[in-house]
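The values are calculated or read from the model by the stated rules, or taken from the named source; none is laboratory data. These numbers were taken from a predicted model, which means no experiment stands behind them. Cβ: placed from backbone, ideal geometry, glycine included. Neighbour counts: every protein chain shown.
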Amino acid sequence: MVDIPFWRRKALTDMTPQEWESLCDGCGRCCLVKLEDEDTGEIAYTDVACRLLDAGSCRCSDYPNRQAHVPDCVRLTPEVVLEIGWLPPTCGYRLVSEGKDLPSWHPLVSGTPDSVHEAGISVRGRVSGLETQFGLFEIVEHIVSWPLRWPRRRPAPARR
């Protein structure tokens, strides 16, 4: 009998802390600055990153203490995942909460953390700078749509 992966057989609320943390694919999309239209509630992503994001690794540079440095950093919990609407469509937490499977490039499926970068999912090479480098009106000039899209499929390598 084939062992069913934990994310297919467990509810988010039943996962161990280690399982929960492993759902993060390390893309860094949720660490991009988002702007909310006060009138419509619409969320716009930018290519500007949180001051703690290491744009090379796409990981928080001080994850255990992030909320001490960035008070509005959202700590994801199963309840929060269900409440917020701005998680990218590629997010493992969002996918599992919606009853969907993890994609082939997710590190839990591929077995390597580099697959998220190789598949073009991560923010690596796409961040224009950290939020501390821009004023509010400058950040508005960095609104982008790619964090809300699945990447295009890459062509298969040519056979020799």
Point to revise | Pick from segment 63-94, criterion exposed (fewer than 13 other Cβ atoms within 10 Å of the Cβ) and among the charged types (D, E, K, R), ranking: nearest to the chain's Cα centre (by Cα) | key: 75
Review point. Among the candidates 22, 97, 104, which residue alone is under 20 Å from residue 124 (Cα atoms), of a type in the set (S, T, N, Q), buried (at least 16 other Cβ atoms within 10 Å of the Cβ) and in contact with a helix residue (DSSP H, G or I) (Cβ under 9 Å, 6 or more places away or on another chain)?
Key: 22
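Only helices (runs of 4 or more DSSP H) wholly contained in segment 28-147 count here; list those with 1 or more residues that are closer than 28 Å to residue 8 by Cβ.
Values: elements: 66-69, 78-83, 92-97, 107-110, 115-118, 136-140.
Passing ranges, in order: 78-83, 92-97, 107-110, 115-118.
Could you identify the single residue in 136, 130, 148 that is modelled with pLDDT under 95 and surrounded by 13 or more Cβ atoms within 10 Å (Cβ to Cβ)?
When all the criteria are applied, what remains is 148.
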Practice item. Scan segment 65-76 and report the pairs whose first residue is closer than 16 Å to residue 29 by Cα and modelled with pLDDT of 90 or more and whose second residue is surrounded by 12 or more Cβ atoms within 10 Å (Cβ to Cβ) and charged (D, E, K, R), with Cβ atoms within less than 7 Å and a gap of 6+ or a chain change. Key: 73/66
Review point. Listed residues 56, 28; which is in contact with a Lys or Arg (Cβ under 8 Å, 6 or more places away or on another chain), in contact (Cβ under 8 Å) with a residue 60 or more places away in the chain and on the phi > 0 side of the Ramachandran plot?
Key: 28
Practice item. Please verify whether segment 112-125 includes one or more residues that are within 24 Å of residue 81 (Cα to Cα) and without any contact (Cβ under 8 Å) to a residue 12 or more places away in the chain. Key: yes
**Study point:** Number of the exception - residue 45 against (1) more than 28 Å from residue 133 (Cα to Cα); (2) out of contact with any Cys (no Cβ under 9 Å at 6 or more places or on another chain); (3) crowded, with 16+ Cβ neighbours inside 10 Å
**Key:** (1)
Exercise for review: Scan (1) touching a Ser or Thr at 6+ places or on another chain (Cβ under 7 Å); (2) closer than 16 Å to residue 59 by Cα; (3) of a type outside the set (Asp, Glu) for the single condition residue 81 breaks and write down its number.
Suggested key: (2)
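Hey, can you tell me all the residues within segment 26-38 that are more than 19 Å from residue 89 (Cβ to Cβ) and modelled with pLDDT of 95 or more? Can you show your working first?
The initial filter retains those residues of segment 26-38 that are more than 19 Å from residue 89 (Cβ to Cβ), namely 37-38.
If the condition is that a residue be more than 19 Å from residue 89 (Cβ to Cβ) and modelled with pLDDT of 95 or more, then no residue fits.
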